[in-house]
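A quick write-up on the structure given underneath.
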Amino acid sequence: MHGKIIFYEDKNFQGRSYESSSDCPDMTSYLSKCHSCRVESGCFMAYDRSNYMGNQYFMKRGEYSDYQRMNGFSDCIRSCRMIPMHRGAYRARIYEKENFGGQMHEMMDDCDNFQDRYSMSDCMSCNVMDGHWLMYEQPQYKGKMMYMRPGEYRNFKDMMGGQKFMSMRRITDMC
């Protein structure tokens, strides 16, 4: 099943629109701004900068009439990435230090607080082996988030400007 998302220039699904069923690295070639969207199927990550950069927000099926108010971002959606549906096991390793150094813990399910579960005050790198995950800057899946697909993430300082992550969960929605 493929995803489908419709972006609108203005709040409340007003103004010009652009429909997508795949990744879109730069929405400015279709719309001058984007302040609302409707996800008709699938799951997407929306970004407030082009080329999948900046603040990220997970969007599943539903209506998002005011992107700024809902997410607290100061800008509009500039790019989006479709999240493929994953069937099977989830597996990721989190590391206390950059380049897979320090304490390592293998995760196969959600963790709402790295400090409480693993006595780990920092998570600075990660290796996602299976599944798609969301990492959050605060415990209990709060604050800024980052989409993690299978791959190596060697240094969060370089990637996210020093942002720390304190919780992580699997994307298990029917995307």
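The values are calculated or read from the model by the stated rules, or taken from the named source; none is laboratory data. As the structure is a computational prediction, the values presented were derived from the model and not from experiment. With ideal geometry, Cβ positions are generated from the backbone for all residues, glycine too; neighbour counts draw on all protein chains shown. With ligands, DNA and RNA removed, areas are computed over all heavy atoms of the protein, side chains included. Shrake-Rupley method; radii C 1.70, N 1.55, O 1.52, S 1.80 Å.
Provide the net charge surrounding Pro150, with neighbours chosen by a C-beta distance below 11 Å and charges set as Lys +1, Arg +1, Asp -1, Glu -1.
0
Can you sort Glu98, Glu63 by 1.4 Å-probe accessible area, starting with the largest?
Glu63, Glu98
Which aspartates and glutamates does Lys4 reach when only Cα atoms under 20 Å apart count, and residues fewer than 8 places away in its own chain are ignored?
Cα-Cα hits under 20 Å: Glu19, Asp23, Asp26, Glu40, Asp48, Glu63, Asp66, Asp173.
Around Glu40, what is the net charge, scoring Lys/Arg as +1 and Asp/Glu as -1 over all other residues with Cβ under 10 Å from its Cβ?
+1
Check cross-link reach from Lys164 to the aspartates and glutamates: straight Cα distance under 13 Å, and skip same-chain residues fewer than eight apart.
Glu96, Glu98, Asp122, Glu137
Could you name the lysines whose alpha carbon sits less than 22 Å from that of Lys157, not counting residues in the same chain fewer than 8 places away?
Excluding near neighbours in sequence, the set is Lys97, Lys142, Lys144.
What FRET efficiency do you get for Asp130 and Glu19 if R0 is 30 Å and r is their Cβ-Cβ distance, rounded to the nearest 0.05?
That gives a FRET efficiency of 0.45.
Return the whole-Å distance between the Cα centroid of segment 71-137 and the Cα centroid of segment 1-20.
Comparing the Cα centres of segment 71-137 and segment 1-20, I get a distance of 28 Å.
Could you tell me what fraction of 2.2 N^0.38 Å the Cα radius of gyration of segment 75-141 comes to, as a two-decimal ratio?
After normalising by residue count via 2.2 N^0.38 Å, the value is 1.25.
Give, in nm to one decimal, the length gained when the segment between His2 and Asp158 is fully stretched (0.36 nm per residue of separation minus the Cα-Cα distance).
Once the chain is fully extended between His2 and Asp158, it gains 52.9 nm.
Give me the percent of the accessible area of the chain that comes from carbon and sulfur atoms, probe 1.4 Å, all protein chains in place.
41 percent
Only one of the listed values, (1) -0.72, -1.22; (2) -0.74, -1.50; (3) -0.64, -1.21, was derived from the coordinates as log10 I(q)/I(0) by the Debye sum over Cα atoms at q = 0.13, 0.19 Å⁻¹; which label is it?
Label (3) holds the value from this structure.
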